[in-house]
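Each remark here refers to the structure printed beneath this line.
The values are calculated or read from the model by the stated rules, or taken from the named source; none is laboratory data. Remember, predicted model here, so these are calculated numbers, not experimental data. Glycine gets a Cβ as well: all are built from the backbone with ideal geometry, and neighbour counts include every protein chain shown.
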Amino acid sequence: MAIKITIVGLGQIGASVGLALGEQGEMFERIGHDRSLEVARRAQKMGAVDRVALNLPSSVREADMVLLSLPIDQIKETLAAINQDLKDNTVVMDTGPVKEVTTAWASELLPEKNYYVGLIPVLNPAYLHGLDSGLDAARSDLFKRGMMAIVSAPGTPSDAIKLAADLTRLLGATPFFADPLEIDSLMAATHTLPHLIAAALVNSTVDQPGWREGRKIAGRLYAEVTSPISIFSEPKTLSQSALLNRANVVRVLDGVIAALQALRTDIEGQDDKGLENHLERARVGREQWWKLRQAANWSGEEVMDSMAEAPTGSEVFGRLLGLGRKRKQPGK
């Protein structure tokens, strides 16, 4: 008997999950849903899902696991749309970039019979410079040699958390466990901030006198630094990522403004030594991070965890059965 997983949202992350699980043989039955029927059909054709469900609520009715791979501005409405159609003990996961608020939404909207665990994928370093996006960027090995942050609210049953860790290992990634507040702080700096910096650079150049000529000579560096803003087809998605994580985003923005101000002070004051020191510190820091990121070798604990064998189908079923047993009352 296959484990039924519904993947809602068949872009790069959702379709890559489907492709990776497809390599597990008959362990999973993959049901796909996307707002775009064309995207859903393409995902099925490329082997990311076994079948497509056109109706969102009906897509989750048989699911043991539901993965929401959606923009942050669509997650709350999707939880509200499916909450009455989930069967008992279904574990709902999402891959959105903000976790404190999604944890609160799940607590508010999901029935007591269901469980929520948040995921944040850290991709295979081989794909960090990829320019494709959406379904075209889906790969079966997108998560291999990467990590997966697993985020849960206090009181979440251990079997639900272990199920998320099982899924992570089946994708080829290493699980690590994080608090919603902690991961939101990290995501503000490493996910949202680069997009905002790209937006600021574009806005500070394209509307300025001289851009008519400047656009002709803008090259690789300008293209690379501004590329993050092109990932979002809808500004609302990035806007909500920032607003829903407001305190952390404001804090890291203040840090960048201070760093820019330090560079400005060096340049205005013709402080060549100070400027060189700031630039060298940045160069060394980036180089050290890049080497570690490419090696995907962070700590002894994570290395040991990455060596753990992928779970078998019976082990995953055991987690699901464990959740079911938790519903039984003593003496019954």
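A compact table of results
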read-out: Yes/no for Leu54 being in the same structural domain as Leu135 (by TED's automatic domain parsing) and touching a residue at least 40 places away in the same chain (Cβ under 8 Å); value: no
read-out: Failed item in (1) over 20 Å from the mean Cα position of the chain (by Cα); (2) among the basic types (Lys, Arg); (3) part of a loop (DSSP other than H, G, I, E, B), with Arg35 passing the rest; value: (1)
read-out: Selection count where residues are over 11 Å from Asn83 (Cα atoms) and either polar (S, T, N, Q) or part of a helix (DSSP H, G or I) (or both), scope segment 94-106; value: 7
read-out: Helices (runs of 4 or more DSSP H) enclosed by segment 107-218 - at least 3 residues per element that are in the same structural domain as Ser230 (by TED's automatic domain parsing) and over 21 Å from Val252 (Cα atoms); value: 211-217
read-out: Selection status of Leu142, under 15 Å from the mean Cα position of the chain (by Cα), buried (at least 20 other Cβ atoms within 10 Å of the Cβ), under 28 Å from Thr90 (Cβ atoms) and not acidic (Asp, Glu); value: yes
